[in-house]
Each structure stands twice: as C-alpha cells, then as structure tokens.
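First up is the structure itself, then whatever we jot down about it.
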Amino acid sequence: MSILLNNDSRIAIQGITGREASMVTRHTLAYGSSIMAGVRPGKGGQTVEGVPVYDTLATACQEHGINTTIIYVPPAAVYDAVAEAVHNGIRLINIPTENVPQHDTIKLMALARSAGARIVGPNSLGIISPHHRAKLGAIGGDNPDKCFVPGPVGLISRSGGMTAEVAWTVKQAGYGVSTAVSIGGDALIGSSPRDLMELFQADDETKLVVYFGEPGTTFEEDLADYVSADKELKPLLCMVGGRFTEQMPEGTVFGHAASLISANAGRPSVKMRRLKEAGAMVAVTLDEMAAHVQAVLD
Amino acid sequence: MARLLENQALDLLQRGGMLVPRYEVAASPEEARDAAEQMGVPVVIKALIPTGKRGKAGGILFASTPDEAASCAEKILGTMLNSFRVNSVLIEERLEVTQELYLSAAIDHRAQATSIIASRTGGVDVETLRVEHPDALKHLYVDPYLGLSEFEARQLWHEVGVDAHLLQRLGALTAQLYRTFVSADAFILELNPLVVSPDGDVTPVAALMGVDDAAMFRQPELAATVQVGLERSWKALTELEKQVVAVNEAEPYRGTARYTEMEGGDIGLFCGGGGASLVLFDALQHAGGQPANYCEVGGNPTVEKVYGTAKAILSKKGVKGLLVAHSITNNTQTDAVAEGVIRAIDDLGIDLATFPVLAREAGVNEERAEQLFRARGIEYYGDQITLNEAARLMVERMREAERNSDGLEEGR
C-alpha cells in the first residue's frame with residue numbers, strides 16, 4: 001500500500017518537452033516508474049525519452065486513460081494547464097512550478113475543489129512510493145534509492161530538499177518510507193500536512209508519520225488540532241526548522257515564501273510546543289529524529 | 001511580496017474609479033510648500049516609505065499653511081523611519097471627517113481565498129482591533145470566478161452596522177477596491193481609515209498596498225517601480241543583497257539564489273534549498289557558531305549563479321570561513337556548486353590555510369563534486385555525515401583557525 005501513487009497510476013507530463021521535464025522523464029523511467037504520455041501543444045507526434053507527445057491532454061487521456069499529471073510549465077502557464085487537467089477528469093495533479101501568481105493559485109484550487117481533484121503543490125518536488133517504484137516529479141533525482149527505500153514511514157515535508165534528507169535520515173535509522181510527499185513551500189498549496197496525515201491514517205503500510213515543517217502559515221497548528229482531537233492516530237514525529245528566525249525582526253522571510261512570522265503565529269517554537277501538547281513527538285535536530293524513529297519502530 | 005508606496009496605491013485606486021483626496025509627491029520642503037499652496041487647504045504630510053505604522057514612528061504630520069507644510073517636510077525628509085530612508089513625502093489634502101471606517105482586501109491563506117474585511121472602527125491598527133474588538137470586524141470570502149458584487153458588499157457593510165444611507169456608496173467602493181486588488185495582483189490592499197465627510201462622501205485617507213512579486217511578468221508598469229526581493233526583508237536591501245538579487249534575476253528561469261545579510265557573524269553560509277538552509281542555520285547556532293548570512297541556493301542553478309552568490313557571501317566584512325552544504329540534492333548539480341564556489345574563492349584570492357572552507361554536498365553528480373573540491377584542497381563530505389555534523393565540524397574548524405592565527409600573532 002501507499003498513498004496517492006500506486007500501480008494504477010497512469011501518469012502524463014504536461015510540458016514534457018522542457019529541459020527539466022525531459023530530465024525528470026529520463027530519471028523516472030530509469031527508476032522503473034512509467035510515464036504514459038506527454039503533452040505539448042504543437043509538438044504532438046514527437047517523443048521524449050520514448051514517451052509519446054500529444055498536442056492536447058484530451059488526446060493523451062483517450063489513448064492512455066491518464067489519471068495523474070505533473071504540470072511542468074512556467075508560472076504564467078500553470079493556471080491554464082491545471083484547468084486543462086481538471087477538465088479532462090484528472091484526479092491527482094502535481095505542480096512543481098515555483099512562483100505561481102497567488103491569484104492564479106486561488107482560482108486553480110477553487111476549480112480543483114469543485115471537481116474533486118487533488119492538487120499537490122505548487123512548488124512541490126514530487127511524490128514517491130518506493131515499494132511500487134512509482135514516482136512523480138524530480139524527487140529522488142537520478143538516484144532515488146540513495147534516500148528512498150521501501151518501509152513503514154509516511155513522510156510529509158514542506159521543503160523539497162528536506163524530503164530527501166529526512167528520508168535518508170530514516171534510511172540511516174534502518175527503515176524506509178511508504179510514500180514521501182513534498183507538499184510545496186508556498187502558503188497556498190493544494191494538500192496540507194493535515195490532509196496527508198488523514199491519508200496516511202488509512203494506509204496499512206504506514207506505521208509512523210514523519211513531518212518536516214517551516215516557519216509561517218498555520219499548517220502545523222492545524223495538524224496539532226487534528227492530532228489532539230483523535231488519540232487513536234498513528235504516531236507522528238515532527239521537526240520544524242528555522243528556530244533562529246524568531247530572533248529576527250518581524251516581517252523577514254526565510255526559507256520558502258510562506259515562512260513569514262507575524263506576531264506569535266508562525267513561530268517554530270510555538271508550532272513545536274503545540275504539536276507536542278497534541279501528543280506528537282518532536283525532534284530538534286535530524287540526529288534526534290533518527291533516534292525517535294528507532295524508538296518507535298524497533 | 002513588494003509593498004507599494006502610498007502614492008502608487010492612490011494612483012491605482014483613482015484609476016479604478018475611486019474618489020481619493022488630492023495628493024502630490026514632494027522631494028523637498030519647497031516642493032511641499034508649492035503643493036500645499038496649490039491645494040489651498042490644510043494638508044497631511046506623510047513619509048513615503050513602504051511600511052505601515054508610520055504614524056507611530058513620527059512619519060505623519062499635519063499643517064495648516066504652506067510654510068508649515070514645508071517645515072513638516074523638512075522634519076521628515078532624509079530621516080530613517082522603520083529602517084527606511086525617507087526620500088520623499090506625500091502631501092495630501094486634509095479632509096473633514098465625521099466617521100472613520102476600515103476596509104481591506106487580502107489573500108487569506110487558510111481559506112485559500114480573497115477575504116474582504118470591514119469595520120465601523122477605522123484609524124486603528126487592524127491587529128489591535130482583531131485582539132481587542134474581534135466583533136467589530138466582519139468579513140466575507142470572494143468567489144474568484146464570480147468576483148465581488150455590490151450587493152454582497154452592501155450586505156457586509158449592513159452587517160457591520162453602518163448608516164443605511166452609506167450602503168450604496170460603500171457597496172460600489174468595495175467592489176472597486178476588489179477590482180483594483182485583483183487587476184494589480186495585490187495580496188493586500190488596506191484603506192485605513194476610510195473616512196465619511198460631512199456631505200456623505202466616502203474617501204480613503206490612507207492606503208497600504210502590496211503586490212505579488214510572482215505576478216510582475218504581467219504587471220509591467222508595477223514591475224518597473226517595485227524593488228523585487230524587498231518582500232523578504234524587514235529593511236532596505238544592502239548592497240550585497242542587491243548584488244545577489246541581480247545575480248538571480250540575470251537568469252530568472254534557472255535555479256534560485258537568495259541572500260540575507262546578518263548583523264555580525266563570521267561564518268559564510270552557502271546552502272539550500274529552503275528547508276535545509278533553516279536547519280543548517282539552526283545547527284550552526286546550536287553548535288556555538290555565528291552565521292554571517294542566510295542564503296538559499298537551489299533549483300539546479302548555473303555555475304554563474306553559484307559563483308555570483310558565493311562571491312557576495314565571501315565579500316561580506318568579517319567573514320572568516322565558509323560552509324557549503326545542501327540537503328541531499330534531487331536536481332541541483334553538486335558539481336556546478338563546486339565549480340562556482342571554487343571560482344569565487346580563487347577570484348577573491350582566499351587562502352585556505354587561514355580561511356576554513358567545508359563542503360557537505362551529496363546527490364546529483366556528487367562524484368565530480370568530490371573530485372573538484374578535493375583537488376582544490378577543500379574538506380569535502382558527501383552523505384558520510386549529517387547536516388548537523390557538518391555544522392558542528394564547521395564551528396570546530398573556525399575555532400582551530402582562530403587558535404592558529406592567535407599563535408601566529410604571538411610568534412611575531
């Protein structure tokens with residue numbers, strides 16, 4: 001088992017002919033994951049790493065029964081590409097693009113909500129389920145096995161880079177991940193930590209959920225509320241980076257755009273305290289995190 | 001998120017059809033006097049800086065005559081307010097006020113929608129209002145596809161409890177505010193206070209507006225006037241910070257480089273992506289080190305971008321060592337990091353014998369990165385050590401270097 005990705009995922013890449021997208025296509029195929037189709041208006045009939053390219057997503061869907069897409073297009077084109085995905089009945093849409101205008105994000109999320117489609121991102125590095133050798137996006141790079149091996153840990157991270165570092169920490173501790181999700185560093189994202197905690201809750205393979213958070217937003221506070229409301233949940237281990245930002249003047253942004261500390265909201269120490277009070281384990285360093293993982297799973 | 005100056009916000013509101021007070025920008029006391037003279041009425045003189053809370057900082061003064069306006073301008077011009085130098089002031093017609101209201105449009109991240117907030121109590125800091133009189137604030141969320149209709153805005157103001165005879169005007173004004181908010185790709189547009197005059201006109205006398213940096217590609221007029229990169233800082237950008245913004249903007253679609261100068265500190269920090277930078281900074285402090293800067297370099301930057309950023313980091317006064325580290329990379333090519341960093345070190349003629357440099361770079365192309373770093377005599381680690389250990393080792397190397405230089409001093 002896993003969340004979001006499994007053997008039934010039929011993946012297409014919108015914007016497959018771009019530099020990053022074709023590199024990701026190559027890495028993904030090498031990992032053993034399949035990409036059924038690519039879309040790029042005007043380049044239908046070509047192939048990228050052997051994957052057929054179509055002019056429209058509608059044709060790709062007719063030919064391959066696509067249910068999952070990655071949006072590899074520049075910020076200005078993201079809204080339109082997501083609308084195309086939603087209109088073609090895609091259920092899971094991953095957006096790696098950074099710097100999508102906020103008003104576009106608001107619109108595309110309203111659209112996805114009304115159609116019941118799930119968005120992961122924007123500014124997400126992707127999703128990986130090692131047991132199925134399924135991956136979406138750049139996550140894991142050219143060597144996913146270096147960090148991501150199959151195991152019982154569900155991983156949620158606001159930072160793409162830290163998704164790999166935390167998975168590696170879990171691996172060093174002697175375990176692996178069921179699914180790792182880079183949810184995106186923006187304040188406006190389609191799937192929150194709380195949403196994914198719910199999904200991991202229903203996943204048999206997952207025995208422990210590990211979360212890496214950052215300053216700003218109320219994601220951690222919302223997660224704490226969810227955890228404290230239900231004591232039967234799977235164990236949750238959290239680390240919130242950026243405690244140093246609390247020494248800085250208000251209004252400073254560190255890390256992702258969302259990391260804005262305003263008054264008391266958004267402070268890592270407050271988030272950690274809330275999560276601890278709600279019953280989650282908290283780690284101050286990655287070394288501590290490894291120790292916690294062993295303590296829960298050994 | 002770039003904040004606009006108040007005259008820019010007033011320009012946009014006026015163009016959107018809103019009634020605003022007469023205003024002029026003045027860069028000298030003489031210009032302030034001329035503007036006040038032309039208006040021929042009492043005026044308000046406001047510091048044009050991209051922050052709120054100007055009144056508290058002494059940046060808002062009142063004048064009844066043109067001479068008074070000139071002396072008020074003289075008081076404010078050239079001073080530092082809220083960490084910004086005041087280069088110009090806004091001379092604004094002072095209106096007669098019978099009532100002060102509050103109105104804003106802002107992106108609400110939790111609701112994932114634009115929120116319109118209205119209150120019968122204006123002129124107060126909204127954060128204060130939220131804490132002290134939460135009931136005085138009413139809000140609605142706008143459907144991004146339908147927009148804001150006047151009737152919805154009237155319902156909101158009715159709920160707020162304003163006089164019924166104001167509803168028609170407030171409904172139209174609120175719909176105008178929302179249209180300006182969306183068409184400028186703003187994330188905040190606050191009118192506080194919005195004043196009611198004796199004859200029933202409703203006019204904003206203070207406007208605070210911030211626009212989305214990410215949307216500047218479709219806002220050419222705004223893009224020309226806002227300082228990109230300022231949204232991440234609490235103060236005006238330093239020279240080195242501007243330098244990195246320029247390095248980053250030179251190749252906008254390939255990787256990201258951000259740099260924030262800290263006060264003091266001696267460890268140059270070249271790291272990324274967002275999360276790992278936070279973890280490293282924490283870890284360095286935890287180990288007793290003092291980072292001289294914060295930085296994020298990721299998203300597979302070019303050698304050029306790495307070089308430009310590393311050079312800025314190393315150019316800061318008081319930097320005595322460099323930590324180069326990323327979380328295990330998924331797409332950033334660690335050999336490009338090595339190349340750029342080494343070029344900056346060579347360029348600045350840095351002597352590795354007295355200036356410790358430590359690299360922890362694992363992930364894409366790590367074999368070549370290792371070769372490059374080692375060949376240049378730089379202490380290199382891949383995933384043999386954690387980010388914590390890298391930070392701890394760096395602090396150790398700094399202490400060793402300090403001991404050695406003390407030894408040298410004594411030997412002389």
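The values are calculated or read from the model by the stated rules, or taken from the named source; none is laboratory data. The structure presented is a predicted model; accordingly, all values stated were derived computationally and were not measured. So basically every Cβ, Gly included, is an ideal-geometry build from the backbone, and we count neighbours across all protein chains shown. SASA here: full protein model, heavy atoms, side chains in, ligands and nucleic acids out. Shrake-Rupley method; radii C 1.70, N 1.55, O 1.52, S 1.80 Å.
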Is it the case that region B:347-368 has a residue that's of a type in the set (Asp, Glu) and more than 28 Å from A:Ser124 (Cα to Cα)?
yes
Count of residues meeting criterion [under 12 Å from B:Leu101 (Cβ atoms), of a type in the set (Val, Ile, Thr) and either within 14 Å of chain A (Cβ to nearest Cβ) or surrounded by fewer than 18 Cβ atoms within 10 Å (Cβ to Cβ) (or both)] in region B:154-213
0
Yes or no: region A:170-182 includes at least one residue that is open to solvent by 10 Å² or more (accessible area, probe 1.4 Å), closer than 20 Å to A:Ala134 by Cα and modelled with pLDDT of 95 or more.
yes
Residue list for region B:331-381, filter: on the phi > 0 side of the Ramachandran plot and crowded, with 16+ Cβ neighbours inside 10 Å
B:Gly363, B:Asn365
Among B:Glu92, B:Glu100, B:Glu96, the single one that is closer than 27 Å to B:Ile117 by Cα, open to solvent by less than 20 Å² (accessible area, probe 1.4 Å) and of a type in the set (Asp, Glu) is B:Glu92
Considering residues of region B:264-273 that are open to solvent by 10 Å² or more (accessible area, probe 1.4 Å) and on the phi < 0 side of the Ramachandran plot only, the residue farthest from the other protein chains (Cβ to nearest Cβ)
B:Asp266
Of these, B:Ala2, B:Ala47, which one is in contact with a Leu (Cβ under 8 Å, 6 or more places away or on another chain), touching a residue at least 12 places away in the same chain (Cβ under 8 Å) and within 14 Å of another protein chain (Cβ to nearest Cβ)?
B:Ala2
For A:Gly141, are the conditions met, namely being more than 17 Å from A:Met289 (Cα to Cα) and at pLDDT below 95?
yes
Is there a residue being in contact (Cβ under 8 Å) with a residue 40 or more places away in the chain, surrounded by fewer than 20 Cβ atoms within 10 Å (Cβ to Cβ) and outside the structural domain of B:Leu177 (by TED's automatic domain parsing) anywhere in region B:72-81?
yes
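Would you call A:Asp204 within 11 Å of another protein chain (Cβ to nearest Cβ), farther than 30 Å from B:Ser83 by Cα, surrounded by fewer than 18 Cβ atoms within 10 Å (Cβ to Cβ) and out of contact with any Cys (no Cβ under 7 Å at 6 or more places or on another chain)? Before the answer, list the steps.
Working: within 11 Å of another protein chain (Cβ to nearest Cβ): no; farther than 30 Å from B:Ser83 by Cα: yes; surrounded by fewer than 18 Cβ atoms within 10 Å (Cβ to Cβ): yes; out of contact with any Cys (no Cβ under 7 Å at 6 or more places or on another chain): yes.
No: the conditions fail for A:Asp204.
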Go through region B:274-304 and report how many residues are among the hydroxyl-bearing types (Ser, Thr, Tyr) and either in a strand (DSSP E or B) or open to solvent by 10 Å² or more (accessible area, probe 1.4 Å) (or both).
2
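Would you mind listing the helices (runs of 4 or more DSSP H) fully within region A:11-122 where at least 1 residues are farther than 24 Å from A:Ser192 by Cα and more than 10 Å from chain B (Cβ to nearest Cβ)?
A:19-31, A:57-64
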Among the residues of region A:130-150, write down those that are touching an Asp or Glu at 6+ places or on another chain (Cβ under 9 Å) and in contact (Cβ under 8 Å) with a residue 40 or more places away in the chain.
A:Pro130, A:His131, A:Ala138
